[in-house]
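K.L.:
Quick one: the structure is below, questions incoming.
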Amino acid sequence: MPKAKFTNIYEALKQNILHGDYNHSHLLPTEEVLTARFQCSRNTVRRAIEKLQDEGYVQSIRGKGVVLLENKAASSFKIDLHNFKGLASIQTYQDVKTATSVLKFQEIVIDDALSETTGFPKGSEVYYLQRLRYFNNEPLVLDINYFLKSIIQNLSVEIAQKSIYDYIEHALHLQVIACRRMIRVEKATALDKELINLRDFDCVGVTLNNAYLDDGKMFEYTESRHAPDHFTFCETVSLKDR
């Protein structure tokens, strides 16, 4: 399924912002300029700007335009709360080299304990993966994934080393629409200490994710365990209506 036009516009504008193309004015171009540039409707441009606003890059102000918000990263990279399409997508917009090592790739059946943890019904057949994610050659995130076999068919180690979400959307032509995410901090396990570069920390940042298709079916449960000094999640809260 091809990406919506507004998504292409969003990605192009995000690149412009990150490259500093609008730093001289601190404003996005007007709707008239953007509709002419992208050959689209005002509504399509507004959807792209709304997505940029949700992610904290801009803020629409009546009578002034769309203002760029200062974007000072707290660390060498950040993970956006709104991004649920895999950590590999970080490389697209940030100056970060990413790599993945697939440590485990198994086909298992969900038992009572795993059903309680993942939300998949007992007896479901899933792909079980452990993947170590490298950022600028540092092992900083351990992903523990469960993908429902009946939906994410023919998954392989080769696909898991690249981008599973690219495979889901472009090879399987499935539309991912939502992710339920829980964030917490836990004491580091022996496996965390063995695999992740924790330095002197004894804890990890953890995200628990359930992902859903456009028919409402859950196809993924993932537990991501992060080195705490790179565990930076960003959310922008607008006060314009207060």
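K.L.:
Out of Gly20, Gly65, Gly56, report the one residue that is within 30 Å of Asp166 (Cα to Cα) and surrounded by 13 or more Cβ atoms within 10 Å (Cβ to Cβ).
P.N.:
From the options Gly20, Gly65, Gly56, the qualifying one is Gly56.
K.L.:
Now a separate question. With the structure loaded, tell me whether Arg184 is surrounded by 17 or more Cβ atoms within 10 Å (Cβ to Cβ) and in a strand (DSSP E or B) or whether it fails that test.
P.N.:
Considered against the rule, which asks whether it is surrounded by 17 or more Cβ atoms within 10 Å (Cβ to Cβ) and in a strand (DSSP E or B), Arg184 comes out as no.
K.L.:
Could you run through segment 100-140 and say how many residues are touching a residue at least 40 places away in the same chain (Cβ under 8 Å) and not β-branched (Val, Ile, Thr)?
P.N.:
14
K.L.:
Then there is this: Identify, please: which residue in segment 37-87 is in a loop (DSSP other than H, G, I, E, B) and among the aliphatic types (A, V, I, L, M) and is, among those, modelled with the lowest pLDDT?
P.N.:
Ala74
K.L.:
Look at Val204 and say whether it is touching a helix residue (DSSP H, G or I) at 6+ places or on another chain (Cβ under 8 Å), in contact (Cβ under 8 Å) with a residue 12 or more places away in the chain and surrounded by 15 or more Cβ atoms within 10 Å (Cβ to Cβ).
P.N.:
Judged against the criteria, Val204 is a match.
K.L.:
I've got another one for you. Name the residue that is surrounded by the fewest Cβ atoms within 10 Å (Cβ to Cβ), counting only residues in segment 120-178 that are farther than 26 Å from Val204 by Cβ and of a type in the set (Asp, Glu).
P.N.:
Residue satisfying both the conditions and the ranking: Glu158.
K.L.:
So Leu132 fits all but one of (1) in contact with a helix residue (DSSP H, G or I) (Cβ under 7 Å, 6 or more places away or on another chain); (2) modelled with pLDDT of 95 or more; (3) more than 23 Å from Gln106 (Cα to Cα); what number is the exception?
P.N.:
Looking at each condition in turn, Leu132 falls short on (3).
K.L.:
Can you list residue pairs whose Cβ atoms sit under 6 Å apart, with the first residue in segment 152-175 being more than 19 Å from Arg131 (Cα to Cα) and touching a residue at least 24 places away in the same chain (Cβ under 8 Å) and the second being part of a helix (DSSP H, G or I) and of a type in the set (A, V, I, L, M, F, W, C)? Count only pairs 6 or more apart in sequence or on different chains.
P.N.:
Sorted first by the residue in segment 152-175, then by its partner, the pairs are Leu174/Ile168.
K.L.:
Residues Val157, Val204, Val237: which one is among the aliphatic types (A, V, I, L, M) and modelled with pLDDT under 95?
P.N.:
Answer to the selection: Val237.
K.L.:
Which pairs turn up if I take residues in segment 48-62 that are over 19 Å from Phe38 (Cβ atoms) and free of Cβ contacts under 8 Å to residues at least 40 places away in the same chain and look for partners that are part of a helix (DSSP H, G or I) and β-branched (Val, Ile, Thr) with beta carbon separation below 7 Å, at least 6 apart in sequence or on another chain?
P.N.:
none
The values are calculated or read from the model by the stated rules, or taken from the named source; none is laboratory data. A quick note: this is a predicted structure, and the numbers were derived from the prediction, not measured. For neighbour counting, all protein chains shown are included, and Cβ atoms are generated from backbone atoms with ideal geometry for every residue, glycine included.
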